[in-house]
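What follows is a single structure, written as structure tokens, with notes after it.
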Amino acid sequence: MNQGKGQRFPRDTQEVTQKERVRSGKSLPLTLAKVLLVPILLFFSLVIGLMIGYGSLGDKPAAEVFDLGTYKHMYDLLFSDTQ
């Protein structure tokens, strides 16, 4: 059960960190895809959620989600009492 006290782990040496740097360069397309794909998917899920909520809960046409007048009306309803 000698754990080799005082010895460094292999990942702490310079050789392994250099290999990790080389390996991290290969994952650039994957990281770039994640960075671009996640906000796009979040945006589309927001739009789909707005359409479902406005269409089914509000009993209105789902296409009115894209109308700017809808959001102006909601803004006026929320902030009509403030000056």
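The values are calculated or read from the model by the stated rules, or taken from the named source; none is laboratory data. Everything quoted here is computed from the prediction, not taken from an experiment. All Cβ positions, even for glycine, are placed from backbone atoms using ideal geometry, and neighbour counts span all protein chains on display.
General remarks:
- Selected residue [at pLDDT 90 or above, exposed (fewer than 11 other Cβ atoms within 10 Å of the Cβ) and not acidic (Asp, Glu)] from Leu42, Leu50, Leu32: Leu42
- Filter pass, Thr70 being modelled with pLDDT under 90 and in contact with an Asp or Glu (Cβ under 7 Å, 6 or more places away or on another chain): yes
- Subset of segment 53-69 (residues that are in a helix (DSSP H, G or I), over 19 Å from Phe43 (Cβ atoms) and charged (D, E, K, R)): none
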